[in-house]
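Visitor: Sharing a structure, written as structure tokens. Questions coming.
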Amino acid sequence: MKALKLIKGALPKHTAIIYMVISAVCIASAGFFAKIAMQYTSVQITLLARFGVPLLLLILFFSFYQRWKQLKFTYAKTHFIRAFFLTLAQFLLFISIIHLSLAEATVLYSTGPIFIAIFSFFKNKKINLQSLIAVLLGAVGVALMMHIENGIINPYVIVGLLSGFCLSASQLLLHSATKKEKNSHVMLFVYLFSTLLSLIYFGLINIEEELKTLTPMLSFSIPIIGILILVGLASLGNQFFRGKAYQQVKDPASIAPLIYISILVAGLYDIFFYNHLPNIEVIIGAILIVTSALFSKK
């Protein structure tokens, strides 16, 4: 009986790990599809698809299962703040994806757990030694994969780091929200606000120039529309499984390093689809990052 209780007690943690791994794969896949989409259309349209497609699916889900009456607006402010950081993080990620390899952009986007650890220290919040070591190993791996030469940093590397910072703020707010509301409700609010923020940004740009980028879509270019839908679906998978993972744990820092697995998946996309082979520094960095992800398990 005692052994059975121990097994049952361990299941939530193992389940959280599986959810985070799936979320990491979705992150890399969303970046991959976005990189393809932005070869034919703009960052703004890709960003709108990233949030708009999941929003439409969630609206259909809530309508089919008649869950609209269950929605509460108690934490709408928290959802909006998280949506702001998430939208900004995705915009910065897409910019870095255009100018860097998919793996490099994903590395910088995946620095979120490092910022979470820093936030924890500033708040005097306890963080266990194992999680701290995992984050530090990930940080060393990230530093190696940035391959800075002669002290010169590519400005788009800074853009990528800022995407990681914004992601960390979004993750902390997600952990707080999933403890108070159902994951599907959290996702609906966040995608709603993120879509509205994307539309606002879309309205601030040069409409005439933006309409030119819409020409392929207006001529019913099925491949481009399909790719944009895949961006949204992968993004939805990321948010869904990450939300489920955070529901299983007390401290997001304990499983946050697993996001680094997205770097390995992005690296595989680079190798097989862009013929981009990593150098020795990138390989060593990847090994440290994998170690970091494995070390995060308790």
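The values are calculated or read from the model by the stated rules, or taken from the named source; none is laboratory data. The structure presented is a predicted model; accordingly, all values stated were derived computationally and were not measured. Note: ideal-geometry Cβ built from the backbone for every residue, glycine included; neighbour counts use all protein chains shown.
Visitor: Check the range 206-216 and report whether any residue there is modelled with pLDDT of 80 or more and in contact with a Ser or Thr (Cβ under 7 Å, 6 or more places away or on another chain).
Guide: Step one: filter the range 206-216 for residues modelled with pLDDT of 80 or more, giving none.
Scanning the range 206-216 turns up no residue that is modelled with pLDDT of 80 or more and in contact with a Ser or Thr (Cβ under 7 Å, 6 or more places away or on another chain).
Visitor: Can you give me the number of residues within the range 56-96 that are of a type in the set (K, R) and part of a loop (DSSP other than H, G, I, E, B)? Let's see the steps before the verdict.
Guide: Step one: filter the range 56-96 for residues of a type in the set (K, R), giving 67, 69, 72, 77, 82.
Next, from what is left, pick out any that are part of a loop (DSSP other than H, G, I, E, B): 67, 72.
Number satisfying all stated conditions: 2.
Visitor: Determine if the range 24-44 includes at least one residue that is in a helix (DSSP H, G or I), crowded, with 23+ Cβ neighbours inside 10 Å and hydroxyl-bearing (S, T, Y).
Guide: no
Visitor: Another question, if that's okay. Looking at V159, is it part of a helix (DSSP H, G or I), modelled with pLDDT under 85 and either of a type outside the set (S, T, N, Q) or surrounded by fewer than 24 Cβ atoms within 10 Å (Cβ to Cβ) (or both)? Before the answer, list the steps.
Guide: Values: part of a helix (DSSP H, G or I): yes; modelled with pLDDT under 85: no; either of a type outside the set (S, T, N, Q) or surrounded by fewer than 24 Cβ atoms within 10 Å (Cβ to Cβ) (or both): yes.
When the stated conditions are applied, V159 does not pass them.
Visitor: If we keep just the residues of the range 220-252 that are modelled with pLDDT under 85 and of a type in the set (G, A, S), which is surrounded by the fewest Cβ atoms within 10 Å (Cβ to Cβ)?
Guide: Step by step, filter the range 220-252, then rank; the result is S221.
Visitor: Can you go through Q66, Q70, Q39 and tell me which one is closer than 30 Å to A143 by Cα and either without any contact (Cβ under 8 Å) to a residue 24 or more places away in the chain or over 19 Å from the mean Cα position of the chain (by Cα) (or both)? Talk me through it step by step, then tell me what you get.
Guide: Numbers: Q66 fails: closer than 30 Å to A143 by Cα; Q70 fails: closer than 30 Å to A143 by Cα.
Among Q66, Q70, Q39, only Q39 is closer than 30 Å to A143 by Cα and either without any contact (Cβ under 8 Å) to a residue 24 or more places away in the chain or over 19 Å from the mean Cα position of the chain (by Cα) (or both).
Visitor: Can you say whether S184 is under 20 Å from F85 (Cα atoms) and either modelled with pLDDT under 85 or not acidic (D, E) (or both), as far as the supplied structure shows? Can you show your working first?
Guide: Details: under 20 Å from F85 (Cα atoms): yes; either modelled with pLDDT under 85 or not acidic (D, E) (or both): yes.
Taking the combined requirement at face value, the residue satisfies it.
Visitor: Another question, then. Take the residues in the range 264-278 that are of a type in the set (A, V, I, L, M, F, W, C) and surrounded by 15 or more Cβ atoms within 10 Å (Cβ to Cβ); name whichever of them is nearest to F33 (Cα to Cα).
Guide: Among those residues, the one meeting the criterion is A266.
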